[in-house]
Amino acid sequence: MGIDWKAVDFDWNRARAFLATAELGSLSAAAKALNCSQPTLSRQVNALERELKVVLFERVGKGLELTPSGVELLECVRNMGNAASHFSIVASGKSESLEGSVCISASEIMAVYDLPPIISKLRKIEPKITIEVIASNTSSDLKRREADIALRAYRPTQPDLIAKKIRDDDFFLYAATSYLETNGNPTVIDDLNSADFIGIPETQKVISILNQRGLDLTSDNFPVITGNHTVYWELVKQGAGIGFIQEKLGKTESRVEKVLPALGAFSSELWLVTHRELRTNRRIRRVFDFLDDELAQNK
């Protein structure tokens, strides 16, 4: 079957504008994601509609909804996007240069407390490699090139990703000394049932984990909630409540102490992940191996 060269003239920028708008639900969000102005993005979507002679979106209130034609075409364009991402990954994987950029995705806490000294050391050894750090508690999509390397607390399941377990991190309950002086230092599990804890958006998961250790907590025990890990740590240090803190981090702060250590550690895995194709890229392999060595030593 030969190539339809007329189809090759198809403008991918217009298709990408349509895909981003459909997936993110608004022109403004899509424009931000594609780093372009909203009028430019709107013109690209309108041009695609004229080219295809179909209406892709209709306005519903302040938002956009796909028309039946838009829904039908979305999967085709999404497949094109995945193919373009794969092409980019394969092309990057062929690079033999130790110059260029490597993007690392990590949780907020790891990006703030673990990565800076490691990256500083790497820059002295490999000054021609530039590093971009994405600090987010949401997993970056490596298949779509949102990052080259990711640090995750779980083992990925996608077959085209390479993952290496670096270590297990122990977390304990910590509280500021000021909090314990005011509210009492728990000596038995039942003492924790009347304590205040710092919560996260998935507080029910935290309640389940703690109650499996013999506690009897409810959402009332979590009067302060944040989805930002660095804010979470600061709230613990300032005495707003008890929180899960990595032991290695807790040891660095004199204002906090473990709460009921007999409760035991709560372990979390640390995995280093990259795309299989990128593992053959010398630059990314160099950074991957360097992170592996440094993080394994920094337990």
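The values are calculated or read from the model by the stated rules, or taken from the named source; none is laboratory data. Here the structure is a predicted model, which means the values were calculated and not measured. Neighbour counts run over all protein chains shown; Cβ positions are idealised from the backbone, glycine included.
Identify all residues within the range 237-251 that are touching a residue at least 60 places away in the same chain (Cβ under 8 Å) and either in a loop (DSSP other than H, G, I, E, B) or β-branched (Val, Ile, Thr) (or both); write none if there are none.
Hits for the range 237-251 are GLN238, GLY239, ALA240, GLY241, ILE242, ILE245.
For the range 96-119, name all the residues that are polar (S, T, N, Q) and in a strand (DSSP E or B).
SER101, SER105 - these are the residues of the range 96-119 that are polar (S, T, N, Q) and in a strand (DSSP E or B).
What are the pairs, 6+ residues apart or on separate chains, where a residue within the range 260-289 that is within 26 Å of PHE171 (Cα to Cα) has its Cβ under 8 Å from a residue that is assigned to a strand (DSSP E or B) and among the small types (Gly, Ala, Ser)?
Between residues of the range 260-289 that are within 26 Å of PHE171 (Cα to Cα) and residues that are assigned to a strand (DSSP E or B) and among the small types (Gly, Ala, Ser), the close pairs are TRP271/ALA163; LEU272/ALA150; LEU272/ALA163; VAL273/ALA150; VAL273/ALA163; THR274/ALA150.
Can you say whether LYS299 is out of contact with any Ser or Thr (no Cβ under 9 Å at 6 or more places or on another chain), at pLDDT below 95, assigned to a loop (DSSP other than H, G, I, E, B) and not hydroxyl-bearing (Ser, Thr, Tyr), as far as the supplied structure shows?
Yes; evaluated as a whole, the condition is true for this residue.
Return the residues of the range 260-277 that are surrounded by 21 or more Cβ atoms within 10 Å (Cβ to Cβ) and touching a Pro at 6+ places or on another chain (Cβ under 6 Å); say none if nothing qualifies.
Correct list: VAL273 only.
Check whether at least one residue in the range 270-283 is assigned to a helix (DSSP H, G or I), hydroxyl-bearing (Ser, Thr, Tyr), assigned by TED's automatic domain parsing to the domain that holds ASP148 and closer than 29 Å to SER140 by Cα, and report yes or no.
Checked the range 270-283: at least one residue is assigned to a helix (DSSP H, G or I), hydroxyl-bearing (Ser, Thr, Tyr), assigned by TED's automatic domain parsing to the domain that holds ASP148 and closer than 29 Å to SER140 by Cα.
What do you reckon, is GLY239 in contact with a helix residue (DSSP H, G or I) (Cβ under 6 Å, 6 or more places away or on another chain) and on the phi > 0 side of the Ramachandran plot? Before the answer, list the steps.
Working: in contact with a helix residue (DSSP H, G or I) (Cβ under 6 Å, 6 or more places away or on another chain): yes; on the phi > 0 side of the Ramachandran plot: yes.
In short, yes.
For the range 60-91: of the residues being of a type outside the set (D, E, K, R), assigned to a helix (DSSP H, G or I) and at pLDDT 80 or above, which is surrounded by the fewest Cβ atoms within 10 Å (Cβ to Cβ)?
So the residue we want is PRO68.
For ASP220, indicate whether it is in the same structural domain as GLU269 (by TED's automatic domain parsing), within 26 Å of the chain's Cα centre (by Cα) and surrounded by fewer than 16 Cβ atoms within 10 Å (Cβ to Cβ). Full working, then the answer.
Values: in the same structural domain as GLU269 (by TED's automatic domain parsing): yes; within 26 Å of the chain's Cα centre (by Cα): no; surrounded by fewer than 16 Cβ atoms within 10 Å (Cβ to Cβ): yes.
Here the answer is no, as ASP220 does not meet what is asked.
Taking the range 32-57 as the search range and keeping residues that are in a helix (DSSP H, G or I) and among the aliphatic types (A, V, I, L, M), which one is surrounded by the most Cβ atoms within 10 Å (Cβ to Cβ)?
Among those residues, the one meeting the criterion is LEU41.
Considering the range 116-144 alone, what residues qualify as being free of Cβ contacts under 8 Å to residues at least 24 places away in the same chain and surrounded by 15 or more Cβ atoms within 10 Å (Cβ to Cβ)?
Of everything in the range 116-144, just one residue is free of Cβ contacts under 8 Å to residues at least 24 places away in the same chain and surrounded by 15 or more Cβ atoms within 10 Å (Cβ to Cβ), namely ILE119.
I need the full set of residues from the range 136-154 which are under 20 Å from ASN228 (Cα atoms) and of a type in the set (Val, Ile, Thr), in order please.
Answer for the range 136-154, where residues must be under 20 Å from ASN228 (Cα atoms) and of a type in the set (Val, Ile, Thr): just THR138.
Run ALA195 past the list (1) crowded, with 19+ Cβ neighbours inside 10 Å; (2) free of Cβ contacts under 8 Å to residues at least 24 places away in the same chain and report the number of the one that doesn't hold.
(2)
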